[in-house]
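Q: Questions regarding the structure given below will be posed in turn.
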There are 2 protein chains.
Amino acid sequence: MENLINKIKERLHLSSEAEAFLYSISNEKELVKGDVVIRPGQVVKKTYFVISGCLRSYCIDTNGKEHTLLFAIKDWWISDYMAIHSEDISTLTIECLTDSKVIEFNAKELDEIHTRFPEFESYQRQNLERHVVNLQMRILNQLQLSAAERYDLFLEKYSDIEKQIRNFHVASFLGITQESLSRIRVERAKK
Amino acid sequence: MENLINKIKERLHLSSEAEAFLYSISNEKELVKGDVVIRPGQVVKKTYFVISGCLRSYCIDTNGKEHTLLFAIKDWWISDYMAIHSEDISTLTIECLTDSKVIEFNAKELDEIHTRFPEFESYQRQNLERHVVNLQMRILNQLQLSAAERYDLFLEKYSDIEKQIRNFHVASFLGITQESLSRIRVERAKK
């Protein structure tokens, strides 16, 4: 929990009351590789802050093919925010790719922090502004970059986990086949 | 300007002071088809709320090919938020696809609304949460849907402007060639 508290304190004066509230609604969990924390079709109540390890969110298309939305590593949040926001059931699966430590929150309880401690409004708005920019970058990169260039960006961003996760996870994040990914890796190894 | 004020009032009690502030920093403009409001390489200071018409933001890759990030129609905002947020120069072009009416704001002045009128924090956080969800949906759709399915979604979302904008704009938004788009349209016309 200290990780999250320290991360918040980098940009916000955290009152002892707000800190106590965060502790009171948090639930630290140790997860094992393969654990699934959210399944398609369920009501989504939880959101997760990653202390260590790696979780993945993905959907499965009508042909049974997986498409990865996110790899969440240290200091990232992960949930099915589409489901939470629309108050609909989940379309995503969220699974642990490695043994992981997370802090679990009830998303509604966590949302209350904005009314109880309004200083979180500005903090969270700025987080979301940065998140919007990152998502716009990913959309543009998906449109304009070659698969090899997108793989290079992936390596920059996820250098710590690249060796721990499987080829088809990376391919499903980049939107390419495993064969294409293998070709790119062979090319990169030659350089 | 009434459009924007009414849109805000749907979800927020807008004080007369905040309304006056918004008026004081706004600049209504009539733009003509072909006008370019942001060019690559420039410092980005402005953000635009669309009253009528359609603006497009796009980037140009190293091969000179255009990739469309957004079509902004009535009640949408458009700018190069990646540049504004990183305080870097623009990588996007923003042009008018049709004669348009917009409200131009200086992005920094508009941002001041959060400190002057803190009730805007929660309003804007919720806007951004919705925006994040929409961008995540677009990423998943780009990964999991066929070009024809993405075209159908485009038609749903942009039914008002589809006939006014050119084939290569739509193709560059969907991430497909104009030839593929033509084939999809022929197939759709047969149904």
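Any read-out appearing in this document is the output of simple, stated calculations on the displayed coordinates, not a laboratory observation. Quantities reported herein were computed from a predicted structural model and do not represent experimental measurements. Cβ placement follows ideal geometry from the backbone for every residue including glycine, while neighbour counts extend to all protein chains displayed.
Q: How many of the residues in segment A:143-163 are under 12 Å from A:ILE73 (Cα atoms) and either touching a residue at least 60 places away in the same chain (Cβ under 8 Å) or touching a helix residue (DSSP H, G or I) at 6+ places or on another chain (Cβ under 9 Å) (or both)?
A: 4
Q: Further question: Considering only segment B:141-191, how many residues are of a type in the set (A, V, I, L, M, F, W, C) and touching a Ser or Thr at 6+ places or on another chain (Cβ under 7 Å)?
A: Summing the residues that are of a type in the set (A, V, I, L, M, F, W, C) and touching a Ser or Thr at 6+ places or on another chain (Cβ under 7 Å) in segment B:141-191 gives 3.
Q: Among the listed residues A:CYS59, A:CYS54, identify the single one that is without any contact (Cβ under 8 Å) to a residue 40 or more places away in the chain and within 15 Å of the chain's Cα centre (by Cα).
A: A:CYS59
Q: Please count how many residues of segment A:136-164 are surrounded by 15 or more Cβ atoms within 10 Å (Cβ to Cβ), more than 18 Å from A:THR177 (Cβ to Cβ) and of a type in the set (Lys, Arg).
A: 1
Q: Which numbered condition in (1) buried (at least 18 other Cβ atoms within 10 Å of the Cβ); (2) in contact with a Leu (Cβ under 8 Å, 6 or more places away or on another chain) is the only one that A:LEU110 fails?
A: Here A:LEU110 meets the rest and fails (2).
Q: Kindly establish whether B:ILE78 is touching a helix residue (DSSP H, G or I) at 6+ places or on another chain (Cβ under 8 Å) and within 12 Å of chain A (Cβ to nearest Cβ).
A: It is false that B:ILE78 is touching a helix residue (DSSP H, G or I) at 6+ places or on another chain (Cβ under 8 Å) and within 12 Å of chain A (Cβ to nearest Cβ).
Q: Identify all residues within segment B:81-98 that are away from chain A (no Cβ under 12 Å) and either in contact with a strand residue (DSSP E or B) (Cβ under 7 Å, 6 or more places away or on another chain) or of a type in the set (Phe, Trp, Tyr) (or both); write none if there are none.
A: Once the filter is applied, which keeps residues that are away from chain A (no Cβ under 12 Å) and either in contact with a strand residue (DSSP E or B) (Cβ under 7 Å, 6 or more places away or on another chain) or of a type in the set (Phe, Trp, Tyr) (or both), segment B:81-98 yields B:ILE89, B:SER90, B:THR93, B:ILE94, B:GLU95, B:CYS96, B:LEU97.
Q: Let me ask another. Looking only at segment B:37-58, decide whether some residue is among the aromatic types (Phe, Trp, Tyr) and over 22 Å from B:PHE71 (Cα atoms).
A: Scanning segment B:37-58, I find no residue that is among the aromatic types (Phe, Trp, Tyr) and over 22 Å from B:PHE71 (Cα atoms), so the answer is no.
Q: Can you list residue pairs whose Cβ atoms sit under 7 Å apart, with the first residue in segment B:22-45 being at positive phi and the second being of a type in the set (Gly, Ala, Ser) and surrounded by 11 or more Cβ atoms within 10 Å (Cβ to Cβ)? Count only pairs 6 or more apart in sequence or on different chains.
A: Correct list of pairs: B:GLY41/B:SER90.
Q: Now for a different question. Just checking: which of the helices (runs of 4 or more DSSP H) contained wholly in segment A:105-191 hold 1 or more residues that are more than 13 Å from chain B (Cβ to nearest Cβ)?
A: A:107-111, A:147-157, A:167-174, A:178-190
Q: Could I ask something else about it? Return the total of residues in segment A:46-90 being among the aromatic types (Phe, Trp, Tyr) and surrounded by fewer than 17 Cβ atoms within 10 Å (Cβ to Cβ).
A: Of the residues in segment A:46-90, 1 are among the aromatic types (Phe, Trp, Tyr) and surrounded by fewer than 17 Cβ atoms within 10 Å (Cβ to Cβ).
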